[in-house]
1. Restrict the check to the stretch 143-155 and report whether at least one residue is more than 11 Å from the ligand (Cβ to nearest atom), of a type in the set (Phe, Trp, Tyr) and either in contact (Cβ under 8 Å) with a residue 40 or more places away in the chain or not in a strand (DSSP E or B) (or both).
2. Assuming Phe122 fulfils every condition listed in (1) touching a Leu at 6+ places or on another chain (Cβ under 6 Å); (2) closer than 30 Å to Leu291 by Cα; (3) not aliphatic (A, V, I, L, M) apart from one, which condition is it?
3. Can you find a residue in the stretch 65-87 that is away from the ligand (no atom under 16 Å from the Cβ), under 14 Å from Ala265 (Cβ atoms) and either in the same structural domain as Glu257 (by TED's automatic domain parsing) or in contact (Cβ under 8 Å) with a residue 24 or more places away in the chain (or both)?
4. Would you pick out the residues in the stretch 214-227 that are closer than 15 Å to Pro73 by Cα and away from the ligand (no atom under 16 Å from the Cβ)?
5. Considering each residue of the stretch 65-92, count those that are open to solvent by 10 Å² or more (accessible area, probe 1.4 Å) and part of a strand (DSSP E or B), and give that number.
6. Can you go through Gly117, Gly95, Gly129 and tell me which one is touching a Gly at 6+ places or on another chain (Cβ under 9 Å), open to solvent by 30 Å² or more (accessible area, probe 1.4 Å) and either within 16 Å of the ligand (Cβ to nearest atom) or without any contact (Cβ under 8 Å) to a residue 12 or more places away in the chain (or both)?
7. Look at Arg344 and say whether it is closer than 19 Å to Thr156 by Cβ, open to solvent by 20 Å² or more (accessible area, probe 1.4 Å) and at pLDDT 95 or above.
8. Applying the selection to the stretch 98-114, what residues are more than 14 Å from the ligand (Cβ to nearest atom) and open to solvent by 30 Å² or more (accessible area, probe 1.4 Å)?
Amino acid sequence: MTDWAAHRAEFPALSTQTYLNTAAGAPMSRAAAAAARQYYEATERDGDVHWDAWLERVEAVRTMVAALLTANPGEIAFVQNASAAMTLVAARLRGRGDVLLVRGDFPSVTYPWMVAGHGVVFAEPGEHGGAGFEALERALTPATRIVSIGLVNYRTGYRYDLRALGKFCRERDLLLVVDATQGLGAVRVDLSHGDVDFLVSSGYKWLASGYGFGLLYVAREHLSSSAHTAAGWRSARDPYALVSDQLDLSDHARALELGHPPFAAVLGLGAALEMVQAIGSDAIENRVLHLSSRLRQVMEDAGLRMPPADPADRRSGIVYAEAGVDAVRLRNELLASGVYVSARGDGIRCSTHFYNDENDLERLREALDSVPGLRGAEG
Ligand SMILES: Cc1ncc(COP(=O)(O)O)c(C=O)c1O
């Protein structure tokens, strides 16, 4: 039996506020913050003498990330952020065809393709913010060769079926590029089926690892060094040889890190992943989906306008509802009651992670009940 209260106690920020905003950014656990601090404390105390130890730890964390994704460590790179990761992918696939995008997806899922000069087409999403396969099919043109999509929609929380998406792409000879930022760490992301060609993710949300890095997964068949569009000293097959008058690049994803890895951020990620491993991805997903269905009930009871309910395997930790009143005012009213959520468009976006609990939801209910003009706004 998982002791959720014990895991929650590892997040001090949760004892001072009702934190229902992991989709914007998560608090860090004591262990993750301590691991990141370690880097600065040791460098302050000893100077830059721990390179080998840090690098060894980075490789250990790379293996943990690969395990979380059911992928191979050689396919995982630590880059600046998810947007930089998507930009590397778009550059790598320049000239490989047009890109199918979904209207309303997060800008970092779409901009990198436009700025890299790819032709783009947009599929129209349904009310839940996701595009069905008919809508994806309708938007395809003969020139479309790539699909770039957010696994979980950042506003509505709609989650795509990765296996079905992979099948859709395989059957049409399309490359699949996924931004898993709003899902990785909350729901299982299994890359063992070879459905996904490239995946990017940030770490400061559902991985609760703070700002400072992005993850890039490049499926082995796309790792040929001849396709590298950027390189730095650590892109070399033997970085420490420091040969600079000829290129002999590695076909390990590490090559895409270009220079030094973001040590502090990756050390923090390592500690955060130790907690994920201790709890288990299945248990976390079940907890997240249980709490988000309870969350939806609280929001519905309060009179917010809910989009149609999705089946569990299309849901995530994010629940969005139109407010029916000024969304920013509502967000501020809730904040004044110590409840932290986001305003997005005409609505509020609330999100629950494994460290949330029923008391958080009761406090949200009380805060919503105290907002003037909310009930009756549902007409
Ligand atoms: C789907 C998605 N991708 C990427 C990001 C941001 O990633 P980064 O700041 O690491 O580029 C966000 C932030 O909200 C997001 O929701």
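The values are calculated or read from the model by the stated rules, or taken from the named source; none is laboratory data. All values reported here derive from a predicted model rather than from experimental measurement. Because the Cβ atoms are built from the backbone with ideal geometry, glycine has one as well, and the counts that use them run over all protein chains shown. Side chains included, ligands, DNA and RNA excluded: accessible areas come from the protein's heavy atoms. Shrake-Rupley method; radii C 1.70, N 1.55, O 1.52, S 1.80 Å.
1. no
2. (2)
3. no
4. Across the stretch 214-227, the qualifying residues are Val218, Ala219, Arg220, Glu221, His222, Leu223.
5. Residues in the stretch 65-92 being open to solvent by 10 Å² or more (accessible area, probe 1.4 Å) and part of a strand (DSSP E or B): 1 in total.
6. Numbers: Gly117 fails: either within 16 Å of the ligand (Cβ to nearest atom) or without any contact (Cβ under 8 Å) to a residue 12 or more places away in the chain (or both); Gly129 fails: open to solvent by 30 Å² or more (accessible area, probe 1.4 Å).
Going through Gly117, Gly95, Gly129 in turn, the sole match is Gly95.
7. On the way: closer than 19 Å to Thr156 by Cβ: yes; open to solvent by 20 Å² or more (accessible area, probe 1.4 Å): yes; at pLDDT 95 or above: no.
In short, no.
8. Answer for the stretch 98-114, where residues must be more than 14 Å from the ligand (Cβ to nearest atom) and open to solvent by 30 Å² or more (accessible area, probe 1.4 Å): Asp98, Arg103, Met114.
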